[in-house]
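Engineer: Below: one structure in structure tokens.
The values are calculated or read from the model by the stated rules, or taken from the named source; none is laboratory data. Everything numeric in this text was worked out from a predicted model, so none of it was measured. A quick note on method: Cβ atoms are made from the backbone with ideal geometry, for glycine too, and the neighbour counts reach across all protein chains shown.
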Amino acid sequence: MTEAHVTVEVEVDPATAFDLFTRDIAAWWRADRSLWGDIEGELRFEDGRLMQGSAEIGRVSAWEPGPRLAFSYGPPGVDHAERTEVEVRFEAVRGGTRVVVRHGGWEKANWAGLLAGFARHSLERMLLARLGDFLDAIASGDLEFFERNLTDEAMLIFPGERNTYTKAQCVAAMAGHPVYHKYDLTDPHIVHIGDSTAVFTHHATVMHEQQEKPRSVTVSTVFVHRDGDWRLALHQWTE
């Protein structure tokens with residue numbers, strides 16, 4: 001059985017650790033990190049079930065205040081037997097409690113597909129934030145950001161004649177570049193090319209401080225994963 005295993009020590013006794021883990025689950029379990037889409041509402045244990053809003057996402061199989069908690073975990077509507085299994089043990093140690101979390105049963109149902117979908121969703125959010133980082137760097141005149149986050153062979157292509165830039169030309173052009181007052185992004189889409197390349201496309205309505213009216217463009221960006229981060233290799237605007 002494939003299993004995730006996490007251990008942490010906390011400076012409270014096992015009974016208190018159990019109470020905080022279960023009673024305040026919404027304080028540490030991020031509700032926006034869902035494997036199966038957007039479900040509104042905070043997480044909570046209620047009547048032997050793990051709930052998020054009005055949706056049941058798990059059932060308690062062991063509730064032993066102090067030493068042990070166990071529950072199933074899976075998408076709303078999925079049969080209980082096809083959900084993954086979470087076990088949490090609270091072990092007394094010198095100075096507090098060792099909390100041991102084991103999450104198994106990933107071979108059940110279509111968890112591989114769900115995890116792949118979650119990875120794509122997470123990458124989309126991350127690349128959206130990455131694009132925001134580039135806009136912030138333009139606003140602050142942070143040329144070092146472009147030096148670090150453009151690949152050496154990067155190309156940037158914009159509408160018009162002689163509007164193709166290498167990395168060095170882009171960095172030079174960013175000095176004194178007008179700040180964007182408007183960048184409304186719609187229809188984001190990601191195409192994965194292997195594990196280390198992603199093509200991110202979207203439509204945008206943009207306007208910087210030297211323009212009198214906004215312009216509508218289709219934007220295509222190729223990101224590659226290098227040295228532990230996603231870096232821009234190609235960026236093209238099309239009107």
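Engineer: Quick one: would you say A70 is among the small types (G, A, S), assigned to a strand (DSSP E or B) and touching a helix residue (DSSP H, G or I) at 6+ places or on another chain (Cβ under 8 Å)?
Structural biologist: no
Engineer: Of the numbered conditions (1) surrounded by fewer than 18 Cβ atoms within 10 Å (Cβ to Cβ); (2) modelled with pLDDT of 90 or more, D79 fails exactly one; give the number of that condition.
Structural biologist: (2)
Engineer: Can you tell me which of F18, F45 is in contact with a helix residue (DSSP H, G or I) (Cβ under 7 Å, 6 or more places away or on another chain) and modelled with pLDDT of 90 or more? Walk me through it before giving the result.
Structural biologist: Values: F18 fails: in contact with a helix residue (DSSP H, G or I) (Cβ under 7 Å, 6 or more places away or on another chain).
Being in contact with a helix residue (DSSP H, G or I) (Cβ under 7 Å, 6 or more places away or on another chain) and modelled with pLDDT of 90 or more holds for just one of F18, F45, which is F45.
Engineer: If you take the residues of region 184-206 that are of a type in the set (G, A, S) and surrounded by fewer than 16 Cβ atoms within 10 Å (Cβ to Cβ), which of them is nearest to the chain's Cα centre (by Cα)?
Structural biologist: First, pick out the residues of region 184-206 that are of a type in the set (G, A, S): 194, 196, 198, 204.
Retained after the next criterion (residues that are surrounded by fewer than 16 Cβ atoms within 10 Å (Cβ to Cβ)): 194, 196.
Values: G194: 18, S196: 16 Å.
Ranking the qualifying residues of region 184-206, first place goes to S196.
Engineer: Let me ask you something else. For region 84-106, enumerate the residues that are surrounded by fewer than 18 Cβ atoms within 10 Å (Cβ to Cβ), touching a Ser or Thr at 6+ places or on another chain (Cβ under 7 Å) and outside any strand (DSSP E or B). Before the answer, list the steps.
Structural biologist: First, the residues of region 84-106 that are surrounded by fewer than 18 Cβ atoms within 10 Å (Cβ to Cβ): 87, 91-96, 98, 100-104, 106.
Filter once more, keeping what is touching a Ser or Thr at 6+ places or on another chain (Cβ under 7 Å): 91, 98, 100, 103-104, 106.
W106 - this is the single residue of region 84-106 that is surrounded by fewer than 18 Cβ atoms within 10 Å (Cβ to Cβ), touching a Ser or Thr at 6+ places or on another chain (Cβ under 7 Å) and outside any strand (DSSP E or B).
Engineer: Take the residues of region 170-203 that are in a helix (DSSP H, G or I) and touching a residue at least 12 places away in the same chain (Cβ under 8 Å): which is farthest from D142 (Cα to Cα)?
Structural biologist: Restricting attention to region 170-203, the residues satisfying the condition of being in a helix (DSSP H, G or I) are 170-174.
From what's left, touching a residue at least 12 places away in the same chain (Cβ under 8 Å): 170-171, 174.
Details: C170: 12, V171: 9, M174: 8 Å.
Looking at residues that are in a helix (DSSP H, G or I) and touching a residue at least 12 places away in the same chain (Cβ under 8 Å), I get C170.
Engineer: Next question. Going through region 160-183 one residue at a time, which ones are within 17 Å of Q210 (Cα to Cα), surrounded by 11 or more Cβ atoms within 10 Å (Cβ to Cβ) and out of contact with any Leu (no Cβ under 7 Å at 6 or more places or on another chain)?
Structural biologist: A173, H177, P178, V179, H181, K182
Engineer: A further question follows. Answer yes or no as to whether R33 is within 23 Å of the chain's Cα centre (by Cα) and either part of a helix (DSSP H, G or I) or at pLDDT below 80 (or both).
Structural biologist: Details: within 23 Å of the chain's Cα centre (by Cα): yes; either part of a helix (DSSP H, G or I) or at pLDDT below 80 (or both): yes.
In short, yes.
Engineer: Being over 28 Å from the mean Cα position of the chain (by Cα), surrounded by fewer than 16 Cβ atoms within 10 Å (Cβ to Cβ) and either under 20 Å from A129 (Cβ atoms) or among the acidic types (D, E) (or both) is true for just one of E153, E209. Which residue is that?
Structural biologist: Answer to the selection: E209.
Engineer: Something else: Starting from region 5-27, keep only residues that are assigned by TED's automatic domain parsing to the domain that holds V99 and on the phi < 0 side of the Ramachandran plot, then list their pairs with residues that are assigned to a helix (DSSP H, G or I) and surrounded by 15 or more Cβ atoms within 10 Å (Cβ to Cβ) whose Cβ atoms are within a distance under 7 Å, requiring at least 6 positions of separation or different chains.
Structural biologist: V10/A17
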